[in-house]
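Derivation of every value follows stated rules applied to the coordinates shown; laboratory data play no part. None of the values given here were measured: they were computed from a predicted structure. Glycine gets a Cβ as well: all are built from the backbone with ideal geometry, and neighbour counts include every protein chain shown.
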Amino acid sequence: MNIAVVGGGRRCKDLMDVIQRHSFQEIHPKIVAVADIRPDAPGLVAAMEKGLFITNSYDDFFDRDDIDLIVELTGSMDIYNDILAKKRKDVRAISTTTAELFWEIARVSTMQKKTHQELQEARALYHVALNDLIQEEVLVIDHRFRIIDTNDAFLEKFGLTRDQVIGQFCYRITHHLENPCSGENHPCPLIQTLESEKPSQTTHIHLDRDGRKIYYSISTYPLIEQGDVIGAVEISRDITKDINVQKVMMQQEKLASVGRLSAGVAHEINNPLTTILTTAMLIQEDLDPNDPTYDEMSVIANEALRCRKIVTNLLNFARQTQPDKKNDNLNEIIETCISLTQKQAAFKDVSVVYDLSDNLPRTLVDKGQIEQAMINLIINAVEATPAGGSIHVSTQPSDRQGFVDIVVSDTGEGITENQINKIFDPFFTTKDNGTGLGLAITHGIIEQHGGTIEATSNVGEGTTFTITLPGEKITNHAP
């Protein structure tokens, strides 16, 4: 489509620039002539530079047969009417008013394209920031606690898809609750941010895909629209490892302090205990078995023996030494421990079964210490399991590269959540006649081997202890 323009002002030049910049699908407009009485009109000058036909009288257009459209841009209705009267019937004409309409449409279209491009760029930056620059888990939450966006780190951590998360209440996804978090021990940072309109920070315990506890440091930042807080960006950082390191350090300090105290106390108590036990037994020898005092002496002797056992455990606990590690067959050590505890288990009508992997990393261990730790765990499991129950012992390569897992589980009564956090503390016991030192000693042995020991339990279903020890290279063993 060839176009002739009447009026070579700024709009004429803009029209020439628009046609040059844009590509058209249905028509192919091209300005071929410009008329203006002003020789310095910008549109006329631009047309001249491009080598187009220019004139100071639009009457020159009517003799040309290569013009399809005449655009009047002077704004004069007299000129527009004159063009309508003189043009050929096959030539179209539009006035300034009509041209302005299409001009506005073109401007809006350009703005829309620019806005769309800026939106795409903003979305790309948002995606990069959410998933690449921020390594922590991120939730975007509205004021009704509904999740409106999240990042890949969060989805991967909780084993969920975006469809499973978007639109759900945040407290259902992260805490498996039916109501928002509350209380001094579990405050909701979103509520604090909505009320204060300022960032908030707290620590929470979330549950991962397997129901395990994950400690999080949570920070929320307000989303503000037209002066109102409409939601918040929640950034969660997993501090479970930091918490566990602190617990281990506290446990080690506690064990060291108790060990020093135990060593001194045990030595001081051992001598008078020996005197009490010997004296009671000597008096008992001079008494008739039917004498009531004879039974009283038996009570004294038995209690003295029990105290001596406690003292012995105290000394064992206090004498924890660095392990003398040697390359040993871990499966053989465990088989020995099982054989040593089989009779005690059978006496209680408890079965001990084991499943030892043939593909374990080689381990450097102190055989005696590992035997002591394993026997402690198996005996505890036997004592906690009612008749007819079972204990399962297994070994397997750990999820941690180069480590091996030893798992001891029972079908006993289980341990409550409050108790399980204390079972490795010295002198804490759930048994009527326990000393509370067996698991503390076991914990110390595993720590000295550079490993970890964890316990999980469900009341009424049983308890599982998992020991993770560092190994060397993977070695295949024949069954």
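Identify the GluC sites (Glu not before Pro) of region 1-108 meeting these criteria: DSSP loop state and at most 15 other C-beta atoms within 10 Å of the C-beta.
Here the GluC sites (Glu not before Pro) that fit, given the DSSP loop and packing criteria, are Glu26.
Given the peptides 338-351, 359-372, arrange them by the average over their residues of other C-beta atoms within 10 Å, most packed first.
Per-residue Cβ counts within 10 Å, averaged per peptide and sorted highest first, yield 359-372, 338-351.
Using the structure shown, list the pairs from Lys326/Lys367; Lys348/Lys422; Lys50/Lys86; Lys213/Lys422; Lys247/Lys325 with a Cα-Cα distance above 19 Å, or answer none.
Lys348/Lys422; Lys50/Lys86; Lys247/Lys325
Provide the net charge surrounding Cys170, with neighbours chosen by a C-beta distance below 9 Å and charges set as Lys +1, Arg +1, Asp -1, Glu -1.
My count for the surroundings of Cys170 gives +1.
Under a crude label model (7 Å from the Cα following the beta-carbon direction), how far is Ile19 from Asp355 in nanometres?
Going by the 7 Å Cα→Cβ label model, 8.2 nm.
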